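Remarks on the structure that follows.
The values are calculated or read from the model by the stated rules, or taken from the named source; none is laboratory data. Computed from a predicted structure; not experimentally measured. Positions of Cβ are backbone-derived with ideal geometry, glycine not excepted, and every protein chain shown enters the neighbour counts. Note: areas computed on protein heavy atoms with side chains; ligands, DNA, RNA excluded. Shrake-Rupley method; radii C 1.70, N 1.55, O 1.52, S 1.80 Å.
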Amino acid sequence: MNLFYILDFRLLRIKSMKNLLKTILLIGLYIIVPNILLSQEAKINEVRKLIQLSEKNQFDKPRKSLRYGFAAEKLYKGNDVNLQSEILYQISYAFFNIGEIDSAVYFSEKILKFKDIDLKIKGKVNSFLSVLFRKKAKFKKALFYAEEAKSYYKKAGDEEGFNQAEMNIGKIYHINGNNEKALAAYFDVLKYYKSKNDSLREGQLYGVISDVYAETGNVEKGKYYNYKAIELLENFSNYNIYADALNNYGIYFYDEKNYDEAIHYFSEALNVYLKNGKKDAVAAAKQNVGICYIYTGSKKKGFQYLHEAFTIFKEFGLNDVASVMTDLGTAYTYTGNVDSAYYYLSEANKIADKINNTYYKKETLRLLSELYKKNHNTKKALQYFEKFIAYKDSLDNEKMKETLNELEIKYQTSEKEKEILRLKDHELLDKANKRLLIIGIISIVLISILIIIRIQTKRKKDAEIQKQKILVHQKERELIKAKLEQKEIEEKRLKDEIEFKTKQLAGHALNMMQKNKLLQELTEKISEKTKTMSDDGKKELFSVKKQLEIGLNVDKDWDLFKIYFEQINESFFDKLKEINPKLSSNDFRLSALIKLNLSLKESASVLNISPESVKNARYRLKKKLNLNGEQDLTQFINNL
């Protein structure tokens, strides 16, 4: 079409200013508007190219992907909410791959504020938010978004998205310890990806299935599925999920205490994470390498890796902080630094309690009990052990309550369905009553029967509820009984330990007594022999006699004896000092022998003095302890 011909033709018809304005507007429609449309279409094409580049670089170059995402956001100024959503999603996903979870949540939530976005996009964003909140240890929110995602994907007919949401649900159940539900979800998703021959996703699923089996104690199955994951993911060696499989395989060697092999796999995983800039995964790998170095004796390296992991995890969720602090507590316990061990384990316990992480709360209580036991603080060890048992029992009770609640919900649902059916039957009978009187009479009979059935059903329901209550009470009694039995076993163990140490102490005292008696006899025989010997012979025997007399010195034996004694009788000597601070070391020794119920003769042999001297020493000790003549010294000391 010739534009100038049209303009010429139209200008001939201009008769007024109004016509002139119309003509100018027509020129704009022919020239300006097409140019604007062409320019906007070119911009949209450029935006789509940037989105594709962002998506392409997500796994191996997430920072580059982020730059492409921001470039697309800056370029696009249109009103297409689906296109805007895709840009923001790529930005959010890049932040996730870098390890900046809060930024990823911010951009994903921006998408959900848009109206009229595509169902698939809604599903994808909800599914991704589920992953993000799972990482932040906010499991209720994570489960909510995963269920929302499944709902949107189902409406959109998107099987891939639906299975990804199901995968998220499996992971949430897994973290919360519901391994049965987690495995059910994982195997459902695995069937789908096997049918699609998707080796990347299949390998990823083998990895998470391996984790569940490992945590339930089925190590052989866990190791088998983990190795299958590595085999499938070897073709994706630059991806973080390949590093995840290597890291998890290292954990099996760690559990087997094959620390060198574990360090190899953890380090391989760390290299991939560092290359991809995934900070939270870098921290996890450093944590694993660090604890292995501690156990191989490389303390400096070990603590360096663990503290680096701790510093990085502070930027992420409290769940990861609790994990690395638990390992730091374990490392300090292993290396003998009691104060640092107590600090990190106590802080990890507080964090676990705050975020309701049952695993680390239970584990830190157990480790604190072992820390005090290792350092011979039996009282605190027992306190933390009782807390550990009590918390473990409470978790078992919670699981039982959840099971009963599920049964009750199923029962109520069944009853409601029956009620709906009964109402439908009742409605049909009412319609029939209007037609025939006879059918009306039958309806009345049927309603009466239904009422009787309902009463019987209610009675059965009441009986079932009563039965469930009895079952709950029975379970509670069994739990209390088991707890008491556990307490009795622990008390018996402590009693046996005290008896064993008492026997050690008595045995040590007997050895001292026999040694002193033997040395005394040898000294006396040497003295007799020297009477009939020459001067040279006497000199030699006097030297031997002197060595024997040194052997009669009880100070070294007393030090060892005192260590055994104080393990059984804590604060015994402190109590004596409170009564009389001026008591001598001999007074303390005599008091300890009295506490052991040794006779005068036995005490004399241990102390290398005569029985008469022991008797006098006992009399002096009685005075020093401010006892009157009627008070019995032995009874007084035994009551301390």
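When you look at GLN635, is it of a type in the set (S, T, N, Q), open to solvent by 50 Å² or more (accessible area, probe 1.4 Å) and modelled with pLDDT under 85, yes or no?
no
What helices (runs of 4 or more DSSP H) lie completely within the range 243-351 and have 1 or more residues being touching a Pro at 6+ places or on another chain (Cβ under 9 Å), modelled with pLDDT under 90 and open to solvent by 50 Å² or more (accessible area, probe 1.4 Å)? Quick ask: steps written out before the conclusion?
On the way: elements: 259-276, 279-295, 299-313, 318-335.
Passing ranges: none, list empty.
Return the total of residues in the range 570-589 being open to solvent by 80 Å² or more (accessible area, probe 1.4 Å) and outside any helix (DSSP H, G or I). Break it down into steps so the answer makes sense when it comes.
From the range 570-589, those open to solvent by 80 Å² or more (accessible area, probe 1.4 Å) are 570, 574-575, 577-578, 581-582, 586; that's our starting set.
Next cut, outside any helix (DSSP H, G or I) only: 570, 581-582.
Within the range 570-589, residues that are open to solvent by 80 Å² or more (accessible area, probe 1.4 Å) and outside any helix (DSSP H, G or I) number 3.
Assess whether THR358 counts as being open to solvent by 40 Å² or more (accessible area, probe 1.4 Å), closer than 30 Å to VAL105 by Cα, in contact (Cβ under 8 Å) with a residue 24 or more places away in the chain and within 11 Å of the chain's Cα centre (by Cα).
Values: open to solvent by 40 Å² or more (accessible area, probe 1.4 Å): yes; closer than 30 Å to VAL105 by Cα: yes; in contact (Cβ under 8 Å) with a residue 24 or more places away in the chain: yes; within 11 Å of the chain's Cα centre (by Cα): yes.
Judged against the criteria, THR358 is a match.
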Subject >> Every pair of residues 6+ apart whose Cβ atoms lie under 7 Å, when the first sits in the range 197-216 and is in contact (Cβ under 8 Å) with a residue 40 or more places away in the chain while the second is open to solvent by 40 Å² or more (accessible area, probe 1.4 Å) and of a type in the set (A, V, I, L, M, F, W, C) >> reply: LEU200/PHE236; GLY203/LEU232
**OP:** Count, please, the residues in the range 593-608 that happen to be surrounded by 17 or more Cβ atoms within 10 Å (Cβ to Cβ), out of contact with any Pro (no Cβ under 6 Å at 6 or more places or on another chain) and not hydroxyl-bearing (Ser, Thr, Tyr).
**Re:** 9
Subject >> Failed item in (1) open to solvent by less than 80 Å² (accessible area, probe 1.4 Å); (2) at pLDDT 85 or above, with LYS373 passing the rest >> reply: (1)
**OP:** Look at LEU421 and say whether it is modelled with pLDDT of 85 or more and assigned to a helix (DSSP H, G or I).
**Re:** no
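Filter the range 270-320 down to the residues that are of a type in the set (Lys, Arg) and over 22 Å from the mean Cα position of the chain (by Cα), then identify the one that is nearest to SER65 (Cα to Cα).
LYS275
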Original post:
Regarding ILE230, is this residue part of a helix (DSSP H, G or I), farther than 25 Å from ALA322 by Cβ and open to solvent by less than 40 Å² (accessible area, probe 1.4 Å)?
Top reply: yes
Subject >> Residues within the range 207-224 that are more than 19 Å from PHE266 (Cβ to Cβ), of a type outside the set (A, V, I, L, M) and crowded, with 23+ Cβ neighbours inside 10 Å, tallied >> reply: 0
Original post:
Can you name the condition, by its number, that GLN567 falls short on among (1) open to solvent by 70 Å² or more (accessible area, probe 1.4 Å); (2) without any contact (Cβ under 8 Å) to a residue 40 or more places away in the chain; (3) of a type outside the set (A, V, I, L, M)?
Top reply: (2)
**OP:** Can you work out which of the residues in the range 161-183 that are more than 22 Å from the chain's Cα centre (by Cα) and modelled with pLDDT of 90 or more is farthest from LYS361 (Cα to Cα)?
**Re:** PHE162
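Please tell me if ILE87 is in a helix (DSSP H, G or I), touching a Gly at 6+ places or on another chain (Cβ under 7 Å) and in contact (Cβ under 8 Å) with a residue 24 or more places away in the chain.
On the way: in a helix (DSSP H, G or I): yes; touching a Gly at 6+ places or on another chain (Cβ under 7 Å): yes; in contact (Cβ under 8 Å) with a residue 24 or more places away in the chain: yes.
Against the criterion (in a helix (DSSP H, G or I), touching a Gly at 6+ places or on another chain (Cβ under 7 Å) and in contact (Cβ under 8 Å) with a residue 24 or more places away in the chain), ILE87 qualifies.
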**OP:** Give the range 40-61 a look and list any residue that's among the aliphatic types (A, V, I, L, M) and without any contact (Cβ under 8 Å) to a residue 12 or more places away in the chain, or say none.
**Re:** ALA42
Subject >> Criterion violated by LYS113 - all others in (1) of a type in the set (D, E, K, R); (2) without any contact (Cβ under 8 Å) to a residue 24 or more places away in the chain; (3) within 24 Å of ASN357 (Cα to Cα) satisfied >> reply: (3)
**OP:** Residue by residue through the range 164-188, note down the ones that are part of a helix (DSSP H, G or I), open to solvent by 20 Å² or more (accessible area, probe 1.4 Å) and either in contact (Cβ under 8 Å) with a residue 60 or more places away in the chain or in contact with a helix residue (DSSP H, G or I) (Cβ under 7 Å, 6 or more places away or on another chain) (or both).
**Re:** GLN164, GLU166, LYS171, TYR173, HIS174, ILE175, ASN179, LYS181, LEU183, ASP188
**OP:** Give the number of residues within the range 54-84 that are in a helix (DSSP H, G or I) and within 38 Å of the chain's Cα centre (by Cα).
**Re:** 12
**OP:** Count, please, the residues in the range 95-147 that happen to be open to solvent by 50 Å² or more (accessible area, probe 1.4 Å) and touching an Asp or Glu at 6+ places or on another chain (Cβ under 6 Å).
**Re:** 1
Original post:
Taking the stated definitions as given, is SER591 under 28 Å from GLU497 (Cα atoms) and within 52 Å of the chain's Cα centre (by Cα)?
Top reply: yes
